[in-house]
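First comes the structure, then the notes that go with it.
The values are calculated or read from the model by the stated rules, or taken from the named source; none is laboratory data. This structure is a prediction, so every number in the text was calculated from the model and none was measured. FYI the Cβ positions are ideal-geometry reconstructions off the backbone, even for glycines, and counts take in every protein chain you see.
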Amino acid sequence: MLASALLSIALLATSAFAAPPSRGARMESRLSRRREGAHLSRPIQREESSNLIGGGNVTNVEYSSNWAGAVWESASGTYKSVTGTFVVPTPKAPSGGSGTYSASAWVGIDGDTCDTAILQTGIDFTISGSSVSYDAWYEWYPDYAYDFSGIPISAGNTIKLTVTATSTKAGSAVIENVTTGKTVTKSLTSSAALCEENAEWIVEDYDENNSEVPFANFGTVTFTSASATTGSGSVGPSGATIIDIRQNNQVLTSVSTSSSGVTISYV
């Protein structure tokens, strides 16, 4: 019986050491925040256009509870790559707020008219008391976001984001810190097929533990050198659908576009 007990203990110990690490252990910087089931950038959550309070900036703007920015739609499924460059802002708590607040800037393919998959990459901004932190990540929805390592981010850094679909089930995410010269790349595959119908430049109130995080005052994020590549060439954001974030009947953002830029402001 003693031998049997010792064998059971040994087997349990072996199983413990052989168990794979949880997703929550994959990066020290987000142990308390980005665990399995925690951070998730979702498809657009549309809001009705009635009963708005302040902040409505253009006629025919669309509203959502989680996305602000510019979105292209092509029913023929032609978007192969999206890129944009922005300067990292310093987030603040909303007026009268205290606690922890976050927002995320990203570029992506799909998530609007195609809501079954999204290939995206971006930067989170978080303010907690007087502490500000940043995280670089990639995601192929419906899987969760994963942090990049080896690319520190600071306020004022110029960041270039690029996602590329090499097929509907394979692609890559690239983040370049132009200021520091650091670049990270992740090749991705997924069983969730892209439609390649949408191209986006977005600031998001992302999900954490199945609900939208308290939304930070991110100031202004301006995507420059913004373009989306199709099978026949490339397009800039001018003419894309503008999306503003509306929560509790109040519009929180103001968005404008140009031939190569998208400006997203907290209002």
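This table checks each residue for (1) surrounded by fewer than 22 Cβ atoms within 10 Å (Cβ to Cβ); (2) in contact with a helix residue (DSSP H, G or I) (Cβ under 8 Å, 6 or more places away or on another chain); (3) under 16 Å from A165 (Cβ atoms).
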{"residue": "G69", "(1), (2), (3)": "no, no, no"}
{"residue": "S74", "(1), (2), (3)": "yes, no, yes"}
{"residue": "T78", "(1), (2), (3)": "yes, no, yes"}
{"residue": "V88", "(1), (2), (3)": "yes, no, no"}
{"residue": "S95", "(1), (2), (3)": "yes, no, no"}
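Scan the range 102-112 and tell me whether some residue there is on the phi > 0 side of the Ramachandran plot, surrounded by fewer than 16 Cβ atoms within 10 Å (Cβ to Cβ) and not in a strand (DSSP E or B). First the steps, then the outcome.
Step one: of the range 102-112, the residues on the phi > 0 side of the Ramachandran plot are 110-111.
Applying the additional criterion that residues be surrounded by fewer than 16 Cβ atoms within 10 Å (Cβ to Cβ) yields none.
The answer is no, given that none of the residues of the range 102-112 is on the phi > 0 side of the Ramachandran plot, surrounded by fewer than 16 Cβ atoms within 10 Å (Cβ to Cβ) and not in a strand (DSSP E or B).
Does the range 114-123 contain at least one residue that is over 15 Å from the mean Cα position of the chain (by Cα), assigned to a loop (DSSP other than H, G, I, E, B) and buried (at least 19 other Cβ atoms within 10 Å of the Cβ)?
We begin by selecting, within the range 114-123, every residue over 15 Å from the mean Cα position of the chain (by Cα); these are 114, 116.
Imposing the further condition that a residue be assigned to a loop (DSSP other than H, G, I, E, B) reduces the set to 114, 116.
Filter once more, keeping what is buried (at least 19 other Cβ atoms within 10 Å of the Cβ): 114.
So far as the range 114-123 goes, yes, one or more of its residues are over 15 Å from the mean Cα position of the chain (by Cα), assigned to a loop (DSSP other than H, G, I, E, B) and buried (at least 19 other Cβ atoms within 10 Å of the Cβ).
Restricting to strands (runs of 3 or more DSSP E) lying wholly in the range 165-267: which have 1 or more residues that are under 20 Å from S133 (Cβ atoms)?
Of the strands (runs of 3 or more DSSP E) lying wholly inside the range 165-267, those with at least 1 residues that are under 20 Å from S133 (Cβ atoms) span 170-177, 182-189, 198-204, 220-230, 262-266.
Please specify each residue of the range 136-158 satisfying the condition of being in a strand (DSSP E or B) and either touching a Cys at 6+ places or on another chain (Cβ under 9 Å) or under 20 Å from S187 (Cβ atoms) (or both).
A136, W137, Y138, E139, W140, Y141, Y146, D147
Taking T230 and the conditions (1) buried (at least 20 other Cβ atoms within 10 Å of the Cβ); (2) among the hydroxyl-bearing types (S, T, Y); (3) at pLDDT below 95, which numbered condition does it fall short on, given that it satisfies the others?
Here T230 clears every test but (1).
How many residues does the range 78-117 contain that are over 20 Å from Y144 (Cβ atoms) and out of contact with any Pro (no Cβ under 9 Å at 6 or more places or on another chain)?
Residues flagged as over 20 Å from Y144 (Cβ atoms) and out of contact with any Pro (no Cβ under 9 Å at 6 or more places or on another chain) within the range 78-117 amount to 18.
Test L194 against the criterion of being touching a Phe, Trp or Tyr at 6+ places or on another chain (Cβ under 9 Å), more than 28 Å from T90 (Cβ to Cβ) and not β-branched (V, I, T), and give yes or no.
Working: touching a Phe, Trp or Tyr at 6+ places or on another chain (Cβ under 9 Å): yes; more than 28 Å from T90 (Cβ to Cβ): yes; not β-branched (V, I, T): yes.
For L194, the condition - touching a Phe, Trp or Tyr at 6+ places or on another chain (Cβ under 9 Å), more than 28 Å from T90 (Cβ to Cβ) and not β-branched (V, I, T) - is met.
Among what's in the range 145-169 and is of a type in the set (A, V, I, L, M) and in contact (Cβ under 8 Å) with a residue 60 or more places away in the chain, pick the residue that is farthest from I123 (Cα to Cα).
Looking at residues that are of a type in the set (A, V, I, L, M) and in contact (Cβ under 8 Å) with a residue 60 or more places away in the chain, I get A165.
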